[in-house]
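> The structure follows.
Read the figures in this text as sums done on the coordinates, not as results from a lab. Since this is a predicted model, take the numbers as computed values, not measurements. With ideal geometry, Cβ positions are generated from the backbone for all residues, glycine too; neighbour counts draw on all protein chains shown.
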Amino acid sequence: MILAGDVGGTKSNLGVFEERDGKLVCVKEDSLPSQKYATLEALVADFLKEAKVKVDAACFGIAGPIVDNRVRTTNIPWIVEGDVLARELGVAHVRLLNDLEATCYSVLVLEPSEFECIHEGTDGRQATKVVIAAGTGLGEGVLFWDGDRYHPSATEGGHSDWAPNTEQQLELWRYLRERNEIVSCETILSGRGFPALHLFLDPTVRHPEFEQPDFDPAPFITKHALAGTCPVCVRTLDLWVDIYGSEAGNLAIRNVARGGIYVAGGIAVKILPKLKEGRFAAAAAHKEKMTALLSQIPICVMLNQKAPLIGAAHVAAGKV
C-alpha cells in the first residue's frame, strides 16, 4: 500500500493507493483540516486509524521549501521531517516534495482527458514545461528534459515581488503596499487576492455576505463574476486573470518553457470559462520582444484537482 499526501495550509488531502494491472488506484482518501492538528504526524495518524491499513511507502507534497527532506511549512506552524514520519509509519523512507513538485510529477502521468487546452500553441516536444497553481497560495514549478526524461524542480516563485505593468496595476500596487510590508505575487494570485482587488476597484460595494464570520469572499466573487451579476466582481476577475496570465508568462519566459504552461490549482478549474476567453493567454504573451515566442507556447488547465496527490503517489511507488 502507498500513502500519499497533498498538504496545504487550509486542508490536507491524503490517499492510500495500490497497484492494479500496472496502474495506481486510490482505495481510500480523505480531506482533513490542517489547522486542526498540531503536527502532520497527528493528522496522518487520524487518517490511518480510519483507513485501517498498513502502508509500505509514503510521499507527501507540502507547501514550502524542502531542504534535506525537511520543511517548515509556509502557512501553518509545522516542521515536517521525513525521517520522523518514516518512524511513525514504520517504513524505511518517506519522501517529502514541494507541493508544486508533486504537481509537476502528475503532469507526466495524468490522462490527456484531464487537461483542457486554452491556447493551442505549437508542439515543443522534450522542451521545458512550467506549472503555475493559484489556491490558498501561489505555487510555481518547472519540468526540464535531460535527454532521457523529465525532472521536476520546485520553486518558491509565488513569494517573489509583484511588478505592475499598467497604470491601473501601479495604483493597485500602491494600494496593496499601504496594507502589506511586501507585495508578492501571492498577495494577489491566491484566494485572498480577490477581496483585496474588489475593495481596490470599488470600496463602496460591500456585499452583505462579506460581513459574515469565517466567510470566504473568493468563491462568491468568482461566481458572480462568471454570472455577470455584479459589475465589480466582473472587473475583479478580469484584473485577477490579467495578472495571473502575466505571471504565467513571466515563469515561462524565465525558463524558455516551449513545452507548455500548465495551470493547476482549484481556482483555475472554477474560473475555466474566463480562462478560455483568451485574456489569460494574451497577458502571458505580452512581454518585451518575446510575444512571438510566448504565443507559440501551449497553455493547458489541469482539470484533476487531485494532481499533487497523484504525483506524490507515483513518486512513492517509484513510477516516475
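> Please name whichever of A292, G260, I182 sits farthest to the positive end of the charge dipole of the stretch 111-303, dipole taken about the Cα centre and charges placed at Cβ: Lys and Arg +1, Asp and Glu -1.
My answer, from the dipole projection, is A292.
> Another one. Reachable aspartates and glutamates from K23, Cα under 17 Å, same-chain residues fewer than 8 places away excluded?
D56, E111, E114
> Another one. Write down the percent of antiparallel bridges among all DSSP beta bridges whose residues are both part of the chain, to the nearest 5. Please report the intermediate quantities before stating the final value.
Details: 36 of 55 bridges.
That works out to approximately 65 percent antiparallel.
> Please list, by residue number, every one of the chymotrypsin sites (Phe, Trp or Tyr not before Pro) in the stretch 189-248 that is coil in DSSP and has at most 14 other beta-carbon atoms within 10 Å. Before the final figure, lay out the partial values.
Values: sites: F200, F210, F215, F220, W240, Y244; in loops: F215.
Of the chymotrypsin sites (Phe, Trp or Tyr not before Pro), the ones in loops of the stretch 189-248 whose Cβ has at most 14 other Cβ atoms within 10 Å are F215.
> No other cysteine beta carbon under 4.7 Å away is the test; run it over the chain and list who passes.
For the chain, the answer is C26, C59, C104, C117, C185, C300, because their Cβ atoms have no other cysteine Cβ under 4.7 Å.
> Right, here's the next one. Whole-Hz ³J(HN,Hα) for each residue in the stretch 195-200, computed from phi via Karplus 6.51 cos²θ - 1.76 cosθ + 1.60 with θ = phi - 60°, x for glycine and proline: what do you get?
Couplings: x, 5, 5, 4, 5, 4 Hz.
> Going by C-beta contacts inside 10 Å, put V80, V67, V269, V205 in order with the fewest on the left.
Working: V80 23, V67 9, V269 16, V205 13.
Going from least to most buried by this count: V67, V205, V269, V80.
> Something else about it: Springs between alpha-carbon atoms under 10 Å, Gaussian network over the chain: tell me which of P308, P33, P208 tops the mean-square fluctuations.
The residue that fluctuates most here is P208.
> Calculate how steeply helix 217-227 sits against the longest principal axis of the alpha-carbon atoms of the chain, using the helix alpha-carbon long axis, and give the answer as 0 to 90 degrees to the nearest 10.
The angle comes out near 60 degrees.
> Still on this structure: If each of E277 and A127 carries a label point 7 Å out from its Cα toward its Cβ, how far apart are those two points in nm?
Result: 2.8 nm between the two label points.
> Averaging the inverse of every distinct alpha carbon separation and then flipping it gives the Kirkwood radius. What is it for the stretch 243-320, in angstrom units? Write out the running numbers ahead of the final one.
Values: mean 1/r = 0.0740 Å⁻¹.
Averaging 1/r across every pair of different Cα atoms and inverting gives 13.5 Å.
> Report the number of Lys pairs in the stretch 111-303 whose alpha-carbons are under 26 Å apart, with separation of 8 or more residues or on distinct chains.
Close lysine pairs under the 26 Å cut-off: 11.
> Moving on to the next point. Please report, in cubic angstrom per residue, the volume enclosed by the convex hull of the alpha-carbon atoms of the chain.
Details: hull volume 45.9 nm³, N = 320.
Once divided by residue count, the hull of the chain is 144 Å³.
> For K306, K54, what ranking results if the residue with the fewest other Cβ atoms within 10 Å of its Cβ goes first? Don't jump to the answer; show the numbers that get you there.
Working: K306 19, K54 12.
The most exposed by this proxy come first: K54, K306.
> When a/c reaches 1.5 or more, the comparison of a/b and b/c decides; with that in mind, is the stretch 43-193 rounded, prolate or oblate per its Cα gyration tensor?
Numbers: a/c = 2.28, a/b = 1.34, b/c = 1.70.
Cα axes put the stretch 43-193 in the oblate bin.
> What list do you get for S153, S113 if you sort them by fewest beta carbons within 10 Å? Mind dumping the intermediate values first?
Details: S153 15, S113 8.
In increasing order of surrounding Cβ atoms, one gets S113, S153.
> Using a Cα-Cα cut-off of under 16 Å, which lysines could be cross-linked to K49, ignoring same-chain neighbours fewer than 8 residues away?
List returned: K28.
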